[in-house]
Amino acid sequence: MSPFESESSRSYQKIELASQTDELRKNFDEFQKSIMDLEPYADSFLQGLKKHLQFKVQKVCSPHELAEYFEPILFKLAKNPKQVRKNWSETETTLLVNIVIYYCLLKGEEAHSLV
């Protein structure tokens, strides 16, 4: 492979990754807007979830606080898209638990129905 082809391929990958991160951010923003009214119900849902699962999350984030967890994770993905990790960080776990809580509230799902 010539150096030109390699540079072209890398350039294409960057463009593709940028469009993927833009799409992820757009989807996250739409989700965030759709859950704004659900925050008052989230803590009681968390307590019910803790009866069935063990995790460290003590309180549910507000929809605005979710972005504080989402953005660094998205940045890491954009910086190193091929990184394979075995374990989730506490930030990733917190975001996941919060998304599950708000998703269940939004869709009227019981958390155990997702397992």
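The values are calculated or read from the model by the stated rules, or taken from the named source; none is laboratory data. Quick caveat: nothing in here was measured; it's all calculated off a predicted structure. Here the Cβ is made from the backbone with ideal geometry for all residues, glycine too, and neighbour counts use every protein chain on show.
For every residue, the table says whether it meets (1) surrounded by fewer than 15 Cβ atoms within 10 Å (Cβ to Cβ); (2) at pLDDT below 95; (3) not aromatic (F, W, Y).
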{"residue": "F55", "(1), (2), (3)": "yes, yes, no"}
{"residue": "P72", "(1), (2), (3)": "yes, yes, yes"}
{"residue": "Q83", "(1), (2), (3)": "yes, yes, yes"}
{"residue": "T93", "(1), (2), (3)": "no, yes, yes"}
{"residue": "V100", "(1), (2), (3)": "no, yes, yes"}
{"residue": "S113", "(1), (2), (3)": "yes, yes, yes"}
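Between a residue in the stretch 63-92 that is over 26 Å from P40 (Cα atoms) and any residue that is exposed (fewer than 11 other Cβ atoms within 10 Å of the Cβ) and among the polar types (S, T, N, Q), which pairs come within a Cβ distance under 8 Å, given they are 6 or more apart or on different chains?
Partner pairs satisfying both residue conditions: K76/Q83.
Look through the stretch 78-115, keep the residues that are closer than 20 Å to D37 by Cβ and small (G, A, S), and return whichever of them is farthest from the chain's Cα centre (by Cα).
Taking the candidates together, the pick is G108.
Hey, can you tell me all the residues within the stretch 34-62 that are without any contact (Cβ under 8 Å) to a residue 60 or more places away in the chain, more than 23 Å from S89 (Cβ to Cβ) and in contact with a helix residue (DSSP H, G or I) (Cβ under 8 Å, 6 or more places away or on another chain)?
M36, E39
Modelled with pLDDT of 95 or more, within 20 Å of S89 (Cβ to Cβ) and out of contact with any Asp or Glu (no Cβ under 9 Å at 6 or more places or on another chain): which single residue out of E65, E30 fits that description?
Residue meeting the stated conditions: E65.
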